[in-house]
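S.K.: Sharing a structure with you now.
The values are calculated or read from the model by the stated rules, or taken from the named source; none is laboratory data. Here the structure is a predicted model, which is why all the values come from computation and not from measurement. Glycine also receives a Cβ, built like all others from the backbone with ideal geometry; neighbour counts cover every protein chain displayed. For accessibility, only protein heavy atoms count, side chains too; no ligands or nucleic acids. Shrake-Rupley method; radii C 1.70, N 1.55, O 1.52, S 1.80 Å.
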Amino acid sequence: MPKTLKRSPNRNARAKGGRAEALLVTQLTQQGYEARRTHLSAFPDIIAWNETDFLLIEVKARSDSPKALSNALSLFRANVRAMTIVPKYASMLCYVWLNGAWSAYQWGDNGTKEVQPVVSEAR
């Protein structure tokens, strides 16, 4: 009987994250932003800009679990704190794909706060 290859959880998570990043880039472009994936495992996952905004975006795709959101935001805060230089005009955001919808969180002087996402629905 042939063995079936199972994907590792880490590989599945990377694939899920990659799909969420691609979706967000598409949606940002539809909203008039220039958007690029960084293709690095470091913060940010996406850089997006238009005439008025410059966004550094961390993307997290999560399954519905009690700690999913808090774990995603904890990783985001750690990544932001590790940055040594941040343009003053940049907005640092974490977009979390959970249950088929985006939630957005912005880093500020007082930590993270939920903000209205630029995009919301899957298209």
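Here's the yes/no breakdown for (1) modelled with pLDDT of 95 or more; (2) of a type in the set (Ser, Thr, Tyr); (3) outside any strand (DSSP E or B):
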residue: Ile57; (1), (2), (3): yes, no, no
residue: Pro66; (1), (2), (3): no, no, yes
residue: Ala72; (1), (2), (3): no, no, yes
residue: Thr84; (1), (2), (3): no, yes, yes
residue: Pro87; (1), (2), (3): no, no, yes
residue: Ser103; (1), (2), (3): no, yes, no
residue: Val118; (1), (2), (3): no, no, yes
residue: Ala122; (1), (2), (3): no, no, yes
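S.K.: A further question on this structure: Quick one: is Arg7 within 23 Å of Ser74 (Cα to Cα), modelled with pLDDT under 95 and open to solvent by 30 Å² or more (accessible area, probe 1.4 Å)?
M.R.: So Arg7 does not fit the description; no.
S.K.: Which of the residues spanning region 25-46 are modelled with pLDDT of 95 or more and β-branched (Val, Ile, Thr)?
M.R.: Selection gives Val25, Thr26, Thr29, Ile46.
S.K.: For region 66-123, give me each residue that is of a type in the set (S, T, N, Q) and under 14 Å from Leu24 (Cα atoms).
M.R.: Of everything in region 66-123, those that are of a type in the set (S, T, N, Q) and under 14 Å from Leu24 (Cα atoms) turn out to be Ser103, Ser120.
S.K.: If I ask for residues that are surrounded by 14 or more Cβ atoms within 10 Å (Cβ to Cβ), over 11 Å from Ile57 (Cβ atoms) and touching an Asp or Glu at 6+ places or on another chain (Cβ under 9 Å), which ones from region 21-43 would you list?
M.R.: Gln27
S.K.: Continuing with the same structure: Taking only region 11-45 into account, find how many residues are part of a loop (DSSP other than H, G, I, E, B) and of a type in the set (Asp, Glu).
M.R.: Residues in region 11-45 being part of a loop (DSSP other than H, G, I, E, B) and of a type in the set (Asp, Glu): 1 in total.
S.K.: On the given criteria, is Ala48 assigned to a helix (DSSP H, G or I) and either open to solvent by 30 Å² or more (accessible area, probe 1.4 Å) or at negative phi (or both)?
M.R.: So Ala48 fails the test.
S.K.: Could you pull out the residue among Leu24, Leu69, Leu73 that is under 19 Å from Pro117 (Cβ atoms), without any contact (Cβ under 8 Å) to a residue 60 or more places away in the chain and under 11 Å from the mean Cα position of the chain (by Cα)?
M.R.: Leu73
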